[in-house]
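Here the structure comes first, spelled out in structure tokens, and everything after it is commentary.
Every number in this text was worked out from the coordinates using simple rules, so none of it is lab data. Predicted, not measured: the structure shown is a model, and the values here were computed from it. Ideal geometry is used to build each Cβ from the backbone, glycine not excepted, and the neighbour counts take in all protein chains shown.
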Amino acid sequence: MVLLGSTGSIGRNTLFIAKKFGLKVNALCANKNTELLNRQIEEFSPKFVAIGDETKKCEVNHKNVFAGFNGILEMIDAAYEDGEVLVNALVGFAGLAPTVKALEKGYKIALANKESLVTAGALLDTKRIVPIDSEHFGLWYLLGGREPKKLILTASGGAFRNTPLYKMKNAKIEDALNHPNWQMGKKITIDSATMINKLFEVLEARWLFDFDNIDAIIETKSIVHALVDFADGSTAAHLAKTDMKLPIAFALLGEVGEPILSPVNLLEIQNITFKAISLKRYPAWQLREILLQKPHLGVVLNAANEVAVELFLKNQISFTDIVSYALKAISKFENIQTANLNEIFLADKEVREFCAGI
């Protein structure tokens, strides 16, 4: 196994599963957390290591260290073995090139880097990609090869699901990072609060299942991860505790015959509440239909969102401005065409330049 993003939440859970099932870890990659990376190196003895931040290379306790963006790609090439699985848990658009490189090399990919599918899903071989995502894992689990009538993702609602609307414009960074159900990285937590993360997941589902009747609803306890409507009028729901070890285990092993999580106790839960995604609270959700009609616009949404989230985290724009950037970018680039990967990277650059001038 090759693991990109080993020090993040997905990476740490992946190594838990690797240890539990005795999986060989051939290579590790982190961005800059060399302290944790060195502990992982000591425990799992990988052949190869990469560090995204080149200035940190001297801090890595390994004889075979690749550094920087190009170094990560070189490590992917060097670490390949027949049948190798690559877990891509990198954050953001920077994860696309490693996904492409891994597919070219012949890896099976366990993908937590949703931006790869969001920006370039039409150009990737999804038959060799297994998502590490509770919602898409839930959909796959429910479908079992059957044809759906509708796919339904669930959303937590994020940090501001109960906040009075008039307070959201002046929301502070620490407020946006206060997720009601779990602890995640900064960007995905903010994307959850704006509902842009769920737009990403809609696009992921579009490419993974080759299906475009996809919607989402809010389920506040994050126990129901996905639902599927079938032609016979029945609806199936996937329930599981909020723990990424389950989809990671299936992505790495294909099938799991022993307990990963304890079962959901419905008597303890007592009730599950579903809510519609309100456009007043989540104006980004108005983009769902156009993104399903023109899924190539995912690269526009992602670039605008990455720029805006970074500005918000620097206190340079308000929380509500994040979605404004996305809406303006989609309006500006609605007719953009991306027929190959070079055009994807060019579109990403153009959108970022546009957003820098807003």
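Key figures for this structure:
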{"item": "Shape call, the chain: gyration tensor on alpha carbons, a/c limit 1.5", "result": "rounded"}
{"item": "Neighbour cut-off at most 15 other Cβ (10 Å), DSSP loop, GluC sites (Glu not before Pro), region 255-293", "result": "255"}
{"item": "Spacing of the two label points (7 Å from each Cα toward its C-beta) at residue 242 and residue 314, in nm", "result": "3.1 nm"}
{"item": "3J(HN,Hα) from dihedral phi, region 136-145, Karplus parametrisation 6.51/-1.76/1.60, rounded to Hz, x for glycine, proline", "result": "6, 4, x, 4, 4, 4, 6, 5, x, x"}
{"item": "Region 85-101 and region 263-293: distance between their alpha carbon centers, rounded to Å", "result": "28 Å"}
{"item": "Computed Kirkwood radius, in angstrom, where 1/r is averaged over Cα pairs of region 135-293", "result": "16.7 Å"}
{"item": "Whichever aspartates and glutamates have a C-alpha closer than 19 Å to that of residue 56, once near sequence neighbours (fewer than 8 apart) are set aside", "result": "35, 42, 74"}
{"item": "Cβ-based exposure ranking for 324, 192, in which fewest neighbours within 10 Å come first", "result": "324, 192"}
{"item": "Region 235-356: C-alpha pair distances exceeding 25 Å, %", "result": "50 percent"}
{"item": "Anchor residue 332: aspartates and glutamates whose Cα lies under 19 Å away (excluding residues fewer than 8 positions away in-chain)", "result": "289, 306, 321, 343, 348, 350, 353"}
{"item": "Aspartates and glutamates with Cα under 13 Å of residue 149, excluding same-chain neighbours fewer than 8 positions away", "result": "210, 212, 215, 229, 232"}
{"item": "Residue among 320, 273, 99 with the largest mean-square fluctuation in a Gaussian network model of the chain, springs linking Cα atoms under 10 Å", "result": "273"}
{"item": "Pairwise FRET efficiency - residue 289 versus residue 181, Cβ, R0 = 30 Å, nearest 0.05", "result": "0.65"}
{"item": "Stretch gain in nm, segment residue 172-residue 35, where the contour uses 0.36 nm per residue and the Cα spacing is subtracted", "result": "46.3 nm"}
{"item": "Summed residue charge, Cβ within 13 Å of residue 100's Cβ, Lys/Arg positive, Asp/Glu negative", "result": "-1"}
{"item": "Flagged links, alpha-carbon separation over 29 Å, of 114/349; 187/241; 19/241; 150/241; 245/280", "result": "245/280"}
{"item": "GNM result for the chain, Cα springs below 10 Å: residue of 152, 290, 277 fluctuating most strongly", "result": "290"}
{"item": "√(5λ) per eigenvalue of the Cα gyration tensor, region 2-131, largest first, Å", "result": "22, 16, 13"}
{"item": "Square roots of 5 times each gyration tensor eigenvalue, C-alpha, region 84-202, largest first, Å", "result": "29, 18, 11"}
{"item": "Cα-projected label distance for residue 122 with residue 74, points at 7 Å along beta-carbon direction, nm", "result": "3.5 nm"}
